[in-house]
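Trainee: A single structure is presented below for examination.
The values are calculated or read from the model by the stated rules, or taken from the named source; none is laboratory data. These figures come from a predicted structure and were not determined experimentally. Cβ placement follows ideal geometry from the backbone for every residue including glycine, while neighbour counts extend to all protein chains displayed.
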Amino acid sequence: MARGQRTRPGKMRSRLLVQKVTRTVDSFGQGVPVWTDFARLWGHLAPMEGEELVNAQQVTAKVTHKVTIRRRDDIVAQMRIIAGNRTLNIETAPVSVDDRPEYMSFECAEEKA
């Protein structure tokens, strides 16, 4: 959503699955990451474009999407989002959208298969 545009509940039409990573040990004693489902929620998934994408890539070279959801205090940058057949790694800490406490957004990088 562009800066200054109000977030409306009707925009939250993408079904998102948030996953968190845990570590387990395989049969060789190596640490292996295992992703487990953490939360299912509605959100707005938008590709980043133009100046917004250039500014984001100065910080993180692979940021491709911005995700907006209703505020939750339990989602952090070490998690990922599954949206349909896309996997998006959360790259930034959540921030309030237009200084409105009921919504937050974060930047994500899409995993390439």
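Trainee: Quick check: is even one residue across the range 15-33 among the aromatic types (Phe, Trp, Tyr), at pLDDT 95 or above and over 23 Å from residue 100 (Cβ atoms)? I'd like the intermediate steps shown before the answer.
Mentor: If we filter the range 15-33 for residues that are among the aromatic types (Phe, Trp, Tyr), which is where we start, we get 28.
In the following step, the residues that additionally are at pLDDT 95 or above were identified as none.
Looking through the range 15-33, none of the residues is among the aromatic types (Phe, Trp, Tyr), at pLDDT 95 or above and over 23 Å from residue 100 (Cβ atoms).
Trainee: Tally time: how many residues in the range 95-110 are outside any strand (DSSP E or B) and surrounded by 12 or more Cβ atoms within 10 Å (Cβ to Cβ)?
Mentor: Here is the first cut: in the range 95-110, the ones outside any strand (DSSP E or B) are 98-99.
Add one more test, that the residue is surrounded by 12 or more Cβ atoms within 10 Å (Cβ to Cβ), and what stays is 98.
Final tally of qualifying residues: 1.
Residues are listed down the side, and each one gets a yes or a no for (1) part of a strand (DSSP E or B); (2) out of contact with any helix residue (DSSP H, G or I) (no Cβ under 6 Å at 6 or more places or on another chain); (3) modelled with pLDDT of 90 or more; (4) hydrophobic (A, V, I, L, M, F, W, C):
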site: 55; (1), (2), (3), (4): no, yes, no, no
site: 58; (1), (2), (3), (4): no, yes, no, no
site: 69; (1), (2), (3), (4): yes, yes, yes, yes
site: 76; (1), (2), (3), (4): no, yes, yes, yes
site: 82; (1), (2), (3), (4): yes, yes, yes, yes
site: 89; (1), (2), (3), (4): yes, yes, yes, no
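Trainee: Residue by residue through the range 65-95, note down the ones that are touching a Cys at 6+ places or on another chain (Cβ under 6 Å) and β-branched (Val, Ile, Thr).
Mentor: Within the range 65-95, 67, 90 meet the criteria.
Trainee: Can we say residue 38 is modelled with pLDDT of 90 or more and outside any strand (DSSP E or B)? Please lay out each step first, then the result.
Mentor: Working: modelled with pLDDT of 90 or more: yes; outside any strand (DSSP E or B): no.
Answer is no for this residue.
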